[in-house]
Amino acid sequence: MNTTAEQLRVLDALLPEWLEDSRKEAAFGEVASYIPELSKAPHSALGIHILDKNGSSASAGDCSLSFTLQSISKVFTLILALMDNGEEEVFRRVGMEPTGDNFNSMLKLELVRPGIPFNPLINAGAITVTSLIRGDSPAEKSKRILQFFRSLAGGVELQVNEDVYRSELETGNLNRSIAYLLVENGVLGGSVEDVLSVYFRHCSIECTCRDLARMALVLASDGIDPFSGGRLIPRRYVQVAKTFMITCGMYNASGEFAIKAGLPAKSGVSGGILTLVPGSLGIGVIGPALNAKGNSSAGVHLLERLSRKMDWSLF
Ligand code: GLU
């Protein structure tokens, strides 16, 4: 199979059956409930959208379902922080290594010196990165983030889901603890509540699989919007983001996903997964029921099968 358009035609026919097969995996997962509002998501939903640079697409399942980006937003706030501050400044405050700990752990902030977060995709790292986004107020920072995400999604009017935002604001005490430890370690400056409000808001930006695929396609195109031809992200920062997605994007199953699917990916506790085939495809998946590692159980099953069948692995 040569062109992506041919691949997508084949996939459009095959996807519904593969998706229904993967949907069964949802039975082994649980919808996240530590942010109470997230627990309302439909347990067995599964949807996928795949988009190429010419606008051809294939999709199946519950593609119209809206969900919040959650940790998927961390990839793009990292990119914006790099664009605002440059690599040197960002990596003075956050490391480049996987932790092996939970995404919301603060263990290593105390155990390992200097007490900077291990990487930008765990909560400690993402909160730190969020604090580096330029803007005179939390509202301005949030606005810049939303505008940047909208441009990556092709101008779609993405919005913050205020119910999810409030739900996390009210219950996010673990993230509060992390942020205070970061202040203590001299990593974070300013008001903790201000930083967290910006962080919770970007995690609460609502999207569909199609929006994820569109955002992923910009990464697959090395930072260029393939439809307008305009550069949205410097190529170097796309390299940095894709590398973190391989090493830390799928929580503590990043190694396993790299072996089984071989694609840069980022998942979130809403059950979304953003992934891409560099140079050709952007892919968005939603499947709210999460496996023990915190990734969409049906979504991971579907992506691993797809990558194997289509020979997408980079390695
Ligand atoms: N907003 C979530 C949190 O901070 C994001 C977690 C995730 O998706 O991994 O807990």
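Have a look at 127, 116, 145 and point out the one that is outside any helix (DSSP H, G or I) and either within 16 Å of the ligand (Cβ to nearest atom) or farther than 30 Å from residue 300 by Cα (or both). So that I can check it myself, show each step before the final result.
Details: 127 fails: outside any helix (DSSP H, G or I); 145 fails: outside any helix (DSSP H, G or I).
Unique residue meeting the criteria: 116.
For region 152-181, name all the residues that are small (Gly, Ala, Ser) and closer than 25 Å to residue 248 by Cβ. Steps first, answer last, please.
The initial filter retains those residues of region 152-181 that are small (Gly, Ala, Ser), namely 153-155, 167, 172, 177, 179.
Across region 152-181, the qualifying residues are 153, 172, 177, 179.
Is at least one residue of region 233-248 part of a strand (DSSP E or B) and either touching a Gly at 6+ places or on another chain (Cβ under 8 Å) or within 16 Å of the ligand (Cβ to nearest atom) (or both)?
Here is the first cut: in region 233-248, the ones part of a strand (DSSP E or B) are none.
Within region 233-248 (the criterion being part of a strand (DSSP E or B) and either touching a Gly at 6+ places or on another chain (Cβ under 8 Å) or within 16 Å of the ligand (Cβ to nearest atom) (or both)), the answer is no, since none of the residues qualifies.
Pairs please, first residue from region 187-199 and more than 20 Å from residue 121 (Cβ to Cβ), second anywhere and within 14 Å of the ligand (Cβ to nearest atom) and basic (Lys, Arg), Cβ atoms under 9 Å, 6+ apart in sequence or on different chains.
192/176; 193/176
Looking at (1) surrounded by fewer than 22 Cβ atoms within 10 Å (Cβ to Cβ); (2) closer than 20 Å to residue 231 by Cα; (3) within 16 Å of the ligand (Cβ to nearest atom), which one does residue 150 not meet, given that it meets all the others?
Only one criterion is unmet by residue 150, namely (3).
Among the residues of region 11-51 satisfying the criterion of being in a loop (DSSP other than H, G, I, E, B), away from the ligand (no atom under 16 Å from the Cβ) and touching a Leu at 6+ places or on another chain (Cβ under 9 Å), which is nearest to residue 171 (Cα to Cα)? Write out each step before concluding.
Let us first name the residues in region 11-51 that are in a loop (DSSP other than H, G, I, E, B), namely 29, 32-35, 41-46.
Narrowing the set further to residues that are away from the ligand (no atom under 16 Å from the Cβ) leaves 42-46.
Now restrict to residues that are touching a Leu at 6+ places or on another chain (Cβ under 9 Å): 42, 45-46.
Details: 42: 21, 45: 25, 46: 27 Å.
Here the answer is 42.
When only residues in region 252-276 that are closer than 17 Å to residue 240 by Cα and free of Cβ contacts under 8 Å to residues at least 60 places away in the same chain count, which is nearest to the ligand (Cβ to nearest atom)?
Among residues in region 252-276 that are closer than 17 Å to residue 240 by Cα and free of Cβ contacts under 8 Å to residues at least 60 places away in the same chain, the one nearest to the ligand (Cβ to nearest atom) is 265.
Give the residue, chosen from 37, 89, that is surrounded by fewer than 17 Cβ atoms within 10 Å (Cβ to Cβ) and in contact (Cβ under 8 Å) with a residue 24 or more places away in the chain.
On the way: 37 fails: surrounded by fewer than 17 Cβ atoms within 10 Å (Cβ to Cβ).
Checking each option against the conditions leaves just 89.
Looking at region 125-148, can you tell me whether even one residue there is within 20 Å of the chain's Cα centre (by Cα), hydroxyl-bearing (Ser, Thr, Tyr) and more than 26 Å from residue 254 (Cα to Cα)? Can you show your working first?
Pass one, region 125-148, residues within 20 Å of the chain's Cα centre (by Cα): 125-133, 141-148.
From what's left, hydroxyl-bearing (Ser, Thr, Tyr): 128, 130-131, 142.
Retained after the next criterion (residues that are more than 26 Å from residue 254 (Cα to Cα)): 142.
The answer is yes, given that some residue of region 125-148 is within 20 Å of the chain's Cα centre (by Cα), hydroxyl-bearing (Ser, Thr, Tyr) and more than 26 Å from residue 254 (Cα to Cα).
Being within 13 Å of the ligand (Cβ to nearest atom) and part of a loop (DSSP other than H, G, I, E, B) is the filter; apply it to region 165-205 and report the residue that is surrounded by the most Cβ atoms within 10 Å (Cβ to Cβ).
Once the filter is applied, the top-ranked residue is 204.
Within region 216-231, track down each residue that is closer than 19 Å to residue 73 by Cβ and not in a loop (DSSP other than H, G, I, E, B).
216, 217, 218, 219, 220
Any read-out appearing in this document is the output of simple, stated calculations on the displayed coordinates, not a laboratory observation. Quick caveat: nothing in here was measured; it's all calculated off a predicted structure. Positions of Cβ are backbone-derived with ideal geometry, glycine not excepted, and every protein chain shown enters the neighbour counts.
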